[in-house]
Amino acid sequence: MTILLLQTGKQWLKHNKHPSVQALCRLLKKLRIAEIPTPKFLCQLIYFLHQSLSGAMAFLLRCFYWTPLFKSQLIRYGKGLYLYGGLPHLSGPLHISLGHDCRISAQTTFSGRSSQINGQGKNPTLFIGNNCDIGWMTTIAVGKKIIIGNNVRIAGRAFLAGYPGHPVNAALRAQGAPDTEDQVKDIVLEDDVWLATGVSVMAGVRIGKGSIIAAGSVVTRDIPPGVLAGGVPAVVVKTL
């Protein structure tokens, strides 16, 4: 009710042609963009204090809250884990094994296909090697197994799709049925692979050692070692 009254009042102010109402409308617009003149030096000092306090708070939360909580959900982890921005999102049953010196964005989603669906009684497993980066808004959806080798770089908004979540058959989708076993496959990123921004890797794909996948590509088949690949679907562009 309050929102409706506010919207009605705004429309009345905008469309009423009476001089006093128009003057009131102009005054309100000026108040909306009002600002207090502040010396630049003072603003710089306040900004420095703000950044320092924010950084200190983020450091304390990372060390004593976010990192311990995340580690509690891993089956194995190495030294030097660096989480930035908070706590990654974990969805579904998933065993995660993490190597040394990994850096993971809080906007990352780790998803595991339900073990009740795959009927094997085993949780999907994600193996991440040493010295790996997983960037902002990346989703890693593990159907059965995903292996990420050492020194792998995964940029923002990447998607590793080990399972689709829905069946191909439209009638089954409408019934809310899960994906079928033939849709669920492993994904392997060998050592030194780099996935640029927005890359999607489909189920059943292996990307060879040292290969780079260009931004926005969709990888639907295996990529050999030591190449640059790109496109939809991704193809080899050149040998590195």
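The values are calculated or read from the model by the stated rules, or taken from the named source; none is laboratory data. Please read these numbers as outputs of a predicted model, since none were measured by experiment. Every residue, glycine as well, gets a Cβ built from its backbone with ideal geometry; the counts of neighbours run over all protein chains shown. Accessible surface areas use protein heavy atoms only, side chains included; no ligands, DNA or RNA. Shrake-Rupley method; radii C 1.70, N 1.55, O 1.52, S 1.80 Å.
Whether any residue in segment 74-85 is closer than 22 Å to Lys144 by Cα and either in contact with a helix residue (DSSP H, G or I) (Cβ under 7 Å, 6 or more places away or on another chain) or open to solvent by less than 60 Å² (accessible area, probe 1.4 Å) (or both) is what I want to check.
Yes - at least one qualifying residue is present in segment 74-85.
When you go through (1) at pLDDT 95 or above; (2) polar (S, T, N, Q); (3) surrounded by 14 or more Cβ atoms within 10 Å (Cβ to Cβ) one by one for Thr180, which number turns out not to apply?
So the condition that Thr180 fails would be (1).
Go through segment 12-37 and give me each residue that's at pLDDT below 80 and either surrounded by 10 or more Cβ atoms within 10 Å (Cβ to Cβ) or touching a Phe, Trp or Tyr at 6+ places or on another chain (Cβ under 8 Å) (or both).
Scanning segment 12-37 gives Trp12, Leu13, Lys14, Asn16, Val21.
Can you name the number of the only condition in (1) in a strand (DSSP E or B); (2) open to solvent by 70 Å² or more (accessible area, probe 1.4 Å); (3) without any contact (Cβ under 8 Å) to a residue 24 or more places away in the chain that Val168 fails?
Evaluating Val168 over (1) in a strand (DSSP E or B); (2) open to solvent by 70 Å² or more (accessible area, probe 1.4 Å); (3) without any contact (Cβ under 8 Å) to a residue 24 or more places away in the chain leaves (1) as the failure.
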